[in-house]
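First up is the structure itself, then whatever we jot down about it.
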Amino acid sequence: MEKNGVVIEKNKEKATVRFLRHEACSRCGGCMTAYTKKDIEVIAKNKINAEIGDYVEVTLEEESFLNVSFIPYMIPFIALVLGFAIGYFLHWAQIAYVFLGLTLMAVSFVMIYFYNQKLIRADNNQYIPVIIGYAKGLDEQE
């Protein structure tokens with residue numbers, strides 16, 4: 001997956017890149033910012049030493065993109081279903097296994113948050129996008 005954006009901040013070997021939110025993304029609502037923010041900001045490895053204001057091309061490997069998509073959506077869902085299943089097979093009251101499912105889902109969100117913080121600090125993080133070159137401008141909205 002490759003996108004064009006503009007560098008808005010530079011810190012050592014990383015840079016913050018701003019992308020235009022595409023039309024399909026703006027109506028999704030998955031990230032809870034669909035109607036409040038027009039742009040998306042991402043921290044990327046700055047391998048080309050781009051400066052603030054440079055238009056750059058950023059990429060994320062397809063496998064990493066799929067993994068990053070799986071973690072925040074499927075792990076909490078699996079935890080929720082697992083909680084329901086455990087309560088159901090232990091013959092608990094319905095409210096008890098619903099509570100267990102929601103508790104496991106909440107725990108998974110907390111675990112994902114801390115895992116994300118660990119990944120942000122890691123230097124060899126495979127999930128951080130990489131600036132691979134200069135671009136002529138921002139991607140147009142589709």
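Determine whether residue 82 is modelled with pLDDT of 95 or more and of a type outside the set (Val, Ile, Thr).
yes
Could you grab me the full set of residues in region 101-114 that are among the hydroxyl-bearing types (Ser, Thr, Tyr) and surrounded by 13 or more Cβ atoms within 10 Å (Cβ to Cβ)?
103, 108 - these are the residues of region 101-114 that are among the hydroxyl-bearing types (Ser, Thr, Tyr) and surrounded by 13 or more Cβ atoms within 10 Å (Cβ to Cβ).
Any residue that is touching a Leu at 6+ places or on another chain (Cβ under 7 Å) and modelled with pLDDT of 95 or more - is there at least one of those in region 92-100?
Among the residues of region 92-100, not one is touching a Leu at 6+ places or on another chain (Cβ under 7 Å) and modelled with pLDDT of 95 or more, which makes the answer no.
Since residue 127 meets every condition but one in (1) aromatic (Phe, Trp, Tyr); (2) modelled with pLDDT under 90; (3) loosely packed, with under 11 Cβ neighbours inside 10 Å, which condition does it not meet?
(3)
Checking the conditions here, which among 78, 132 is within 21 Å of residue 4 (Cβ to Cβ) and over 14 Å from the mean Cα position of the chain (by Cα)?
132
Has region 63-80 got any residue that is over 28 Å from residue 117 (Cβ atoms) and in the same structural domain as residue 116 (by TED's automatic domain parsing)?
no
The values are calculated or read from the model by the stated rules, or taken from the named source; none is laboratory data. What you are looking at is a predicted structure, and each value in this text was computed from that prediction instead of being measured. A quick note on method: Cβ atoms are made from the backbone with ideal geometry, for glycine too, and the neighbour counts reach across all protein chains shown.
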